[in-house]
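Trainee: Okay, handing you the structure first.
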Amino acid sequence: MDLRDPETIRELYRRHGRGIFNYAYKLVGDYQWAEEILQETFLRAYSRAETFKKGARVSTWLYRIALNLCYDHLRSPRNRPPVSLSSRVPGDDTGTSSLAERLESPDAAPDEDAADREIVRLVRKAVSELPDRERSVLILRHYQGLKFREIAEVTGMTSRTVQNCLRRARERIARSLARHGVREVMQP
């Protein structure tokens, strides 16, 4: 596989782009930054093809690049001023008064009942509050479906450390949910 071939990079993007975007989005929590990280991941893969070790899995290498970019983003100082959801949308003639009214709700589908939506919100909040390493391991395992060995390759941890991180992440989430009266969450 020639990683300096633009066609190869396009094929890798087609195969792995969606998963890497989802991973970045879950780590950084921002759609636009996840898009940036996705694009930069493939730019770096192309420009730094020589860092790929023969015999390694390309997907693991790509996730590692994305993980490093996510960590860089999370560690960087925020240079953008916050935007209030109650601020008016510039140039808006639709009669909508604020940004909040224009945004789709992040809640679950309307046909789910209020209790389910609340649990989903609490789980998302608990995941977002995890330390970076634990959140990354949890997302790679539960949302991306990687095996412990693959997560170890992506993160540079041992398989045992990955398992311990995942256990701690699950325990933190369970404690966070328990503080809100949620004792048991069923897996889909």
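The values are calculated or read from the model by the stated rules, or taken from the named source; none is laboratory data. None of the values given here were measured: they were computed from a predicted structure. FYI the Cβ positions are ideal-geometry reconstructions off the backbone, even for glycines, and counts take in every protein chain you see.
Trainee: So which residues in segment 1-51 are surrounded by 13 or more Cβ atoms within 10 Å (Cβ to Cβ) and in a loop (DSSP other than H, G, I, E, B), if there are any at all?
Mentor: Residues satisfying the conditions are LEU3, GLY29, ASP30.
Trainee: For segment 16-63, name all the residues that are of a type in the set (Lys, Arg), under 21 Å from GLY145 (Cα atoms) and free of Cβ contacts under 8 Å to residues at least 40 places away in the same chain.
Mentor: Result: ARG18, single match.
Trainee: Name the helices (runs of 4 or more DSSP H) wholly within segment 53-137 that hold at least 3 residues that are modelled with pLDDT of 65 or more and not assigned by TED's automatic domain parsing to the domain that holds THR155?
Mentor: By residue number, 58-75.
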